[in-house]
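Single-structure report; data block below.
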Amino acid sequence: MKLEILPFKLPLKHTFTIAHQSRDVQDTLIVRLSSGDKYGLGESTTNPFYGISLKNMQACLEETKAKLSTIDAIHPEELWKIVKPFFEGNPFAQCALDMAAWDLYAKQQGQKLYELLDLAPQNIPITNFTIGIAPVSKMIEKMKEQQWPLYKIKLGTEHDMEIIKELRKHTDSAFRIDANCAWYAEQAIAYSHELADLNVEFMEQPLAKDDFDGMKKVYQESALPVIADESCITEADVAKCYGFFHGINVKLVKAGGITPGLRMLKEAKTLGMKTMVGCMTESSVGISAIAHIAPLLDYVDMDGAMLLSEDIADGVKIFDDHVTFPNRNGTGALLL
C-alpha cells in the first residue's frame with residue numbers, strides 16, 4: 001500500500017471558542033492510502049491542547065510508509081494492530097490512517113462502509129449544531145444564521161447560566177451543554193437543576209478529566225445525564241467512566257481511529273451506557289466516516305464541516321432531520 005500525506009487549512013465561518021482555546025482556522029491532515037486502483041481517505045486535525053501538530057502527525061505517518069509498502073489487502077483491524085507501535089503518543093495520526101484503511105477496505109469489498117459494518121443508515125440520530133463561546137449577541141446571531149432543532153452550547157465562563165437563559169429566549173430547540181472541564185462538582189449539580197428546566201438534554205464533561213471524586217457526586221445528584229469526553233480518551237477509559245458518567249463521547253481522533261472507536265462503543269453498550277461520537281471540526285472526510293458509524297449511537301456531534309466557510313471535500317450531507325450519503329463506496333468522501 002502507498003501512503004500520501006496531505007496537509008490543509010480549514011477556514012471557519014466564525015471564530016470558534018471553547019473553555020481553553022480559540023481558533024479561526026483549523027489545520028488538518030488528510031491521508032490517502034492506495035492499493036492497486038483504489039484508495040481510501042482519512043483525516044485528523046491538529047490540537048494544541050493534546051500536543052498534536054501537523055509536524056508530529058506527519059513524522060509518525062512517514063515512519064509507517066516502509067511497512068505499509070509490504071502490505072496489500074488487509075482488514076483494517078489487523079492493520080491497526082500492525083502499525084500501532086508507530087503511533088505511541090499520537091493516536092490522532094493513527095486515526096487518519098485507520099480511517100483511510102476502512103475507506104479503502106470497504107471499496108475493495110465493493111460496499112459502502114455502513115454496509116460493511118451491517119448498519120442501517122436510516123437509524124442515525126440528529127446531529128447537534130455547536131455554538132462556541134462568544135458574546136451572547138453573537139451566539140444568538142449564530143443560532144439565527146443556522147436554525148437547527150438541537151444545539152450544543154459551549155460553556156465555561158463566569159456567566160454560564162445567564163448565557164443559557166438568554167439563548168433560551170430566542171429558540172425552542174433542545175440544548176446540550178459542554179463545559180469542557182470548566183466547572184466544579186457543586187456548581188455542576190446546582191446548574192443541572194436549572195438547566196433541566198431549560199430544555200437541556202445532558203451535560204458533557206462538566207468537571208476536570210481526572211476529578212472522579214467530584215464526578216461520582218455529580219453522577220449521583222445531577223438532574224441531567226452526564227457524558228464523558230476528556231475523561232474517556234482510550235479504550236481503557238470506558239470501564240473507568242462506568243458509575244461516574246451516564247455515557248461516553250468517543251472522539252475518533254483521540255481514540256486512534258474507527259477500529260478502537262467501535263470497540264469503545266461496544267463496551268459502553270455492554271455496560272448500559274449511552275454512546276456518542278463527536279467531531280473535531282474536520283472536513284467532510286472525517287465527518288463522512290463518523291456518519292457511517294452513527295447508526296450505532298444514541299447521540300452524535302458531526303457538525304464539523306458545517307462550521308467551515310470552505311470545505312476541502314465532498315461527502316455526506318447533513319440536514320436537520322436526516323443524512324444523505326453519496327452513491328460511492330467506502331465512506332464516500334472525495335477531495336475537491
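The values are calculated or read from the model by the stated rules, or taken from the named source; none is laboratory data. Predicted model, so just to flag it, every value in this text is computed and none were measured. Every residue, glycine among them, receives a Cβ derived from its backbone with ideal geometry; neighbour counts consider all protein chains shown.
Under 9 Å by Cβ, and 6 or more places apart or on different chains, what pairs join a residue from segment 94-123 that is among the acidic types (Asp, Glu) with one that is at pLDDT below 95?
Glu115/Pro121
Would you confirm whether any residue within segment 136-153 is closer than 27 Å to Leu265 by Cα, surrounded by 16 or more Cβ atoms within 10 Å (Cβ to Cβ) and touching a His at 6+ places or on another chain (Cβ under 6 Å)? Don't jump to the end; show me each part of the working.
Filtering segment 136-153 down to residues closer than 27 Å to Leu265 by Cα leaves 148-153.
Filter again for surrounded by 16 or more Cβ atoms within 10 Å (Cβ to Cβ), leaving 148, 150-153.
Checking which are touching a His at 6+ places or on another chain (Cβ under 6 Å) leaves us with none.
The answer is no, given that none of the residues of segment 136-153 is closer than 27 Å to Leu265 by Cα, surrounded by 16 or more Cβ atoms within 10 Å (Cβ to Cβ) and touching a His at 6+ places or on another chain (Cβ under 6 Å).
Check segment 290-297 and report whether any residue there is touching a His at 6+ places or on another chain (Cβ under 7 Å) and crowded, with 24+ Cβ neighbours inside 10 Å.
Here is the first cut: in segment 290-297, the ones touching a His at 6+ places or on another chain (Cβ under 7 Å) are none.
Checking segment 290-297: not a single residue is touching a His at 6+ places or on another chain (Cβ under 7 Å) and crowded, with 24+ Cβ neighbours inside 10 Å.
What is the number of the single condition among (1) of a type in the set (Lys, Arg); (2) closer than 25 Å to Gly243 by Cβ; (3) out of contact with any Cys (no Cβ under 7 Å at 6 or more places or on another chain) that Lys169 does not meet?
Evaluating Lys169 over (1) of a type in the set (Lys, Arg); (2) closer than 25 Å to Gly243 by Cβ; (3) out of contact with any Cys (no Cβ under 7 Å at 6 or more places or on another chain) leaves (2) as the failure.
For the condition touching a residue at least 12 places away in the same chain (Cβ under 8 Å), under 28 Å from Leu6 (Cα atoms) and among the polar types (S, T, N, Q), what is the one hit in Asn128, Asn90?
Numbers: Asn128 fails: under 28 Å from Leu6 (Cα atoms).
Going through Asn128, Asn90 in turn, the sole match is Asn90.
Within segment 220-278, track down each residue that is over 23 Å from Val31 (Cβ atoms), part of a strand (DSSP E or B) and out of contact with any Cys (no Cβ under 6 Å at 6 or more places or on another chain).
Answer for segment 220-278, where residues must be over 23 Å from Val31 (Cβ atoms), part of a strand (DSSP E or B) and out of contact with any Cys (no Cβ under 6 Å at 6 or more places or on another chain): Val226, Ile227, Tyr242, Phe245, Gly247, Asn249, Lys274, Thr275, Met276.
Only one residue in Met302, Met280 is modelled with pLDDT under 95, crowded, with 19+ Cβ neighbours inside 10 Å, assigned by TED's automatic domain parsing to the domain that holds Lys154 and not small (Gly, Ala, Ser), so which one is that? Don't jump to the end; show me each part of the working.
Values: Met302 fails: modelled with pLDDT under 95.
Of Met302, Met280, the one residue that is modelled with pLDDT under 95, crowded, with 19+ Cβ neighbours inside 10 Å, assigned by TED's automatic domain parsing to the domain that holds Lys154 and not small (Gly, Ala, Ser) is Met280.
Being surrounded by 14 or more Cβ atoms within 10 Å (Cβ to Cβ), closer than 26 Å to Asn329 by Cβ and over 24 Å from the mean Cα position of the chain (by Cα) narrows it down to one residue among Ser35, Ser44; which is it? Break it down stepwise before answering.
Working: Ser44 fails: over 24 Å from the mean Cα position of the chain (by Cα).
Residue meeting the stated conditions: Ser35.
Please specify each residue of segment 314-336 satisfying the condition of being within 19 Å of Phe8 (Cβ to Cβ) and either of a type in the set (Lys, Arg) or crowded, with 21+ Cβ neighbours inside 10 Å (or both).
Answer for segment 314-336, where residues must be within 19 Å of Phe8 (Cβ to Cβ) and either of a type in the set (Lys, Arg) or crowded, with 21+ Cβ neighbours inside 10 Å (or both): Gly315, Val316, Thr331, Gly332, Ala333.
Kindly provide the set of residues from segment 1-60 that are out of contact with any strand residue (DSSP E or B) (no Cβ under 6 Å at 6 or more places or on another chain) and basic (Lys, Arg), ordered by number.
Across segment 1-60, the qualifying residues are Lys13, Lys38, Lys55.
If Ala73 satisfies all but one of (1) of a type in the set (A, V, I, L, M); (2) surrounded by 14 or more Cβ atoms within 10 Å (Cβ to Cβ); (3) over 11 Å from Leu33 (Cβ atoms), what's the number of the condition it fails?
Every listed condition holds for Ala73 apart from (2).
Residue-wise test of (1) over 18 Å from the mean Cα position of the chain (by Cα); (2) at pLDDT below 95; (3) of a type outside the set (Lys, Arg).
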position: Val83; (1), (2), (3): yes, no, yes
position: Gln94; (1), (2), (3): no, no, yes
position: Lys107; (1), (2), (3): yes, no, no
position: Glu115; (1), (2), (3): yes, no, yes
position: Phe129; (1), (2), (3): no, no, yes
position: Glu141; (1), (2), (3): yes, no, yes
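Examine segment 299-306 for a residue that is over 24 Å from Ser53 (Cβ atoms) and in a helix (DSSP H, G or I), and state whether such a residue exists.
Yes, segment 299-306 contains a residue that is over 24 Å from Ser53 (Cβ atoms) and in a helix (DSSP H, G or I).
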